Amino acid sequence: LKPSNKTFHVHPRLLSSDVYSQYESFRQGKQEIPKYFNFASDVLDKWSEIEKAGKRPSNPAFWWVNGKGEEVKWSFEELGFLSRKVANVLTKECGLQKGDRLILILPRIPEWWLVKVACMRAGIVIIPGTSQLSAKDILYRLQVSKATCIITTDKLAPAVDSVASQCQLLKTKLMVSKGSREGWLNFTEMYQNQSADHSCIKTKIQDPMIIFFTSGTTGFPKMAQHSQGSLGFRPLLSERYWLDLTPSNVVWNTADTGWILTSIASFFDPWVFGSCIFMHNLPQTDSAVILNTLCRFPIDTLIGAPTLFRMLVQNDLSKYKFMNLKYCISGGEPLNPEVMEQWKSQTGLEICEVYGQTEMGVICSVYGGMKIKPGSMGKAAPLYDVQIIDKNANILPPGQQGEIAIRSKPIRPLGFFSEYLDNPKKTAETERGDFYVTGDRGIMDEEGYFQFIGRNDDIIISSGYRIGPFEVENALIEHPAVVESAVVSSPDPLRGEVVKAFVVLSPNFSSTDKKSLISDLQDHVKKTTAPYKYPRKVEFVKELPKTITGKIKRNELRDKEWGRT
Ligand code: ATP
Ligand code: MG
């Protein structure tokens with residue numbers, strides 16, 4: 001990233017209709033990346049101007065519903081007006097300054113979007129968190145991030161209070177609530193009474209903007225820091241690389257506000273294209289609510305984790321007539337080809353996969369018009385040179401399995417996280433030769449499509465074979481008795497380690513003889529995939545351990561198998 005001294009302004013015309021080609025000169029390195037960039041003033045406020053000039057379709061910029069008849073619709077102008085008020089609350093009332101850190105733990109309510117935009121206007125660094133965090137999780141996040149302000153709901157305020165005495169740096173607590181609580185400022189009242197006069201602060205393109213805690217699938221969550229450029233400017237450069245959007249699209253992503261997916265899919269990327277962000281507050285992830293919402297609102301793009309689609313295909317989808325759904329995208333975990341097929345046969349719609357990380361944003365994807373290969377995560381996203389490499393950072397040829405890596409030298413591509421905060425050791429561990437290593441294993445085919453094999457630590461080595469858990473899980477889920485499964489290594493005196501499957505059974509099979517079911521499942525895997533992958537051990541469980549994001553914690557099951565704590 002080589003910034004120039006010029007301030008970057010997105011000309012309104014550039015952002016409308018066929019503009020994106022104009023970024024070609026940035027993309028090709030003919031023009032230097034600007035030194036200054038702020039997503040609020042350089043993108044959102046420009047859309048507001050386009051809207052005022054009548055050059056944007058009349059759909060809202062933000063559209064929120066709660067399923068009980070309440071609805072919020074904002075144009076870009078309204079979003080600007082309200083977020084300036086919030087910026088004044090944060091700076092004038094709370095005394096926050098550029099570079100200060102704020103933890104934002106809100107469910108899917110409109111205030112989340114207002115606070116995010118306001119923080120950008122004021123240069124405050126946002127740390128999103130999910131509402132499912134416990135007091136202990138909040139304590140960990142407050143302490144390691146050194147945040148001075150927290151914004152949450154009355155539901156989580158007691159949890160914050162129970163640990164606040166251990167967080168000396170925490171000065172301001174703001175609550176989005178109709179009620180009041182000692183020691184807390186009432187966000188809603190304060191911002192409604194504020195002036196909407198606020199001039200957006202000037203930020204350098206590398207200035208920190210958001211710190212994400214990773215999912216913690218493999219250990220304590222790490223703090224991955226992103227800049228104005230890596231999240232806000234990258235989509236301007238990488239064109240329609242996974243969301244093929246225009247200002248008339250209506251995009252709904254069901255992920256929790258705490259994860260990078262929501263920041264990308266329900267904030268930066270649709271707004272770069274001037275699209276409408278649709279949001280349902282979804283207090284619980286309920287299939288019927290999701291399916292009915294798709295029938296009642298003109299949502300054309302649906303994004304979610306594979307668990308969402310796994311859940312939806314359990315329903316009789318022929319009962320639902322979606323109003324306008326055209327594009328379905330799944331990311332965050334591997335999607336089983338079986339689920340993809342069921343969804344397609346019932347709705348006629350394909351599911352495109354996207355592969356990414358908190359650290360890197362979108363790394364691979366299947367985008368508009370691309371051929372879909374079930375079981376593949378698509379091709380490298382623009383700006384990223386994605387390769388399969390070996391232990392010594394040598395690039396492996398197509399068809400060979402290795403680690404998924406992104407070229408990081410000589411130029412660190414825009415889109416990369418800046419670092420793991422306060423953890424230079426972990427940051428250094430991701431570097432190998434000219435590459436950043438993702439920690440995931442995969443294969444690239446002759447056409448540049450990537451297939452996910454598994455996380456490095458999840459690979460099972462049995463009698464010399466390398467087995468990715470996902471291939472075995474995919475085979476298992478094709479059996480009618482299997483709702484879900486997790487495959488890990490288990491000790492074996494002869495083979496070193498063997499494949500073990502933890503299986504959640506469909507209720508229809510709960511009374512089937514377990515012994516014969518096990519051999520049935522084993523035979524099924526042997527027939528569906530290479531026989532050496534079949535699970536020599538099978539255990540039936542009620543549920544699988546998962547992260548709050550819904551990812552299977554294979555490491556927890558593996559540790560138990562190996563008697564590690
Ligand atoms: P931690 O790093 O704290 O252990 P995490 O890696 O799960 O947690 P995230 O950054 O949320 O945290 O997840 C990124 C990881 O999720 C990727 O490295 C990959 O293992 C997995 N992943 C994401 N998208 C896909 C996908 N489409 N297919 C397969 N795996 C995916
Ligand atoms: Mg990770």
- Note on the structure: Between the alpha carbon centres of region 525-565 and region 438-499 the gap in Å comes to 10
- Query: Which residues in region 388-418 place their backbone N less than 19 Å from a point set 7 Å from the Cα of residue 32 along the Cα-to-Cβ direction?
  - Reply: 410-415
- Item | Cα gyration tensor shape for region 374-506, rounded if a/c is under 1.5, else prolate or oblate | prolate
- Item | Tail fraction, Cα-Cα pairs, region 132-199, threshold 13 Å, whole percent | 64
- Under the classification rounded if a/c is under 1.5, otherwise prolate if a/b is larger than b/c and oblate if not, where does region 205-311 fall, given a ≥ b ≥ c as square roots of the Cα gyration tensor eigenvalues? oblate
- Task: Only residues of region 159-180 count here: report those whose backbone N is under 15 Å from the spot 7 Å along Cα→Cβ of residue 422, or say none.
- Result: 166-171
- Give the long-range amide H neighbours of residue 439: residues separated by 5 or more places, or on another chain, with amide H under 5 Å away, using H modelled in the peptide plane at 1.01 Å from N. 404
- Query: Measuring from a point 7 Å past the Cα of residue 199 along Cα-to-C-beta, which residues in region 107-123 have an amide N at less than 18 Å?
  - Reply: 120-123
- Between residue 68 and residue 165, what length comes free when the chain is fully extended (0.36 nm per residue of separation minus the Cα-Cα distance, one decimal in nm)? 31.1 nm
- Query: Which far-off residues, 5 or more places away or on another chain, put their amide H under 5 Å from the one on residue 331, with H placed in the peptide plane?
  - Reply: 304, 305, 354
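Mean residue ellipticity at 222 nm from the helices of the chain, using -39,500 (n - 2.57) per DSSP H segment of n ≥ 4 over the full residue count, to the nearest 500 deg cm²/dmol? Provide the component values of the computation, followed by the final result.
Working: 18 runs with 145 residues, N = 565.
Mean residue ellipticity, 222 nm, calculated: -7000 deg cm²/dmol.
Counting only DSSP beta bridges with both residues in the chain, what percent are antiparallel, rounded to the nearest 5?
55
Beyond 15 Å, what share of the Cα-Cα pairs of region 362-432 remains, rounded to the nearest whole percent? Show your work: numbers first, answer last.
Details: 1572 of 2485 pairs.
Pairs farther apart than 15 Å: 63 percent.
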- Message: At 0.36 nm per residue, and after removing the present C-alpha to C-alpha distance, how many nm does the segment from residue 192 to residue 324 gain when stretched out fully?
- Response: 44.0 nm
- Along each of its three principal axes, how wide is the spread of alpha-carbon positions in the chain, in whole angstrom units, largest first? 71, 55, 50
- Difference of contour (0.36 nm per residue) and Cα-Cα distance, residue 287 to residue 349: 20.6 nm
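List the relative contact order of the chain as a percent without decimals, with contacts defined as Cα pairs under 8 Å and 6+ residues apart.
Details: 1148 pairs, mean separation 59.8, N = 565.
For the chain, the relative contact order is 11 percent.
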- Where both residues lie in region 137-257, what percent of DSSP beta bridges are antiparallel, nearest 5? 40
- Query: residue 514: net charge of surrounding residues, Cβ under 11 Å, Lys/Arg +1, Asp/Glu -1, itself excluded?
  - Reply: -2
- Starting at the first residue of region 329-343, write each ³J(HN,Hα) from the Karplus equation 6.51 cos²θ - 1.76 cosθ + 1.60 with θ = phi - 60°, in whole Hz, x for Gly and Pro. 10, 10, x, x, 7, x, 9, 6, x, 4, 5, 4, 5, 4, 4
- For region 50-173, just the Cα set please: Rg and Dmax, both in angstrom. 16.2, 52
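Values in this text are rule-based calculations from the coordinates and carry no lab data. Source: prediction; values computed, not measured. Every residue, glycine among them, receives a Cβ derived from its backbone with ideal geometry; neighbour counts consider all protein chains shown.
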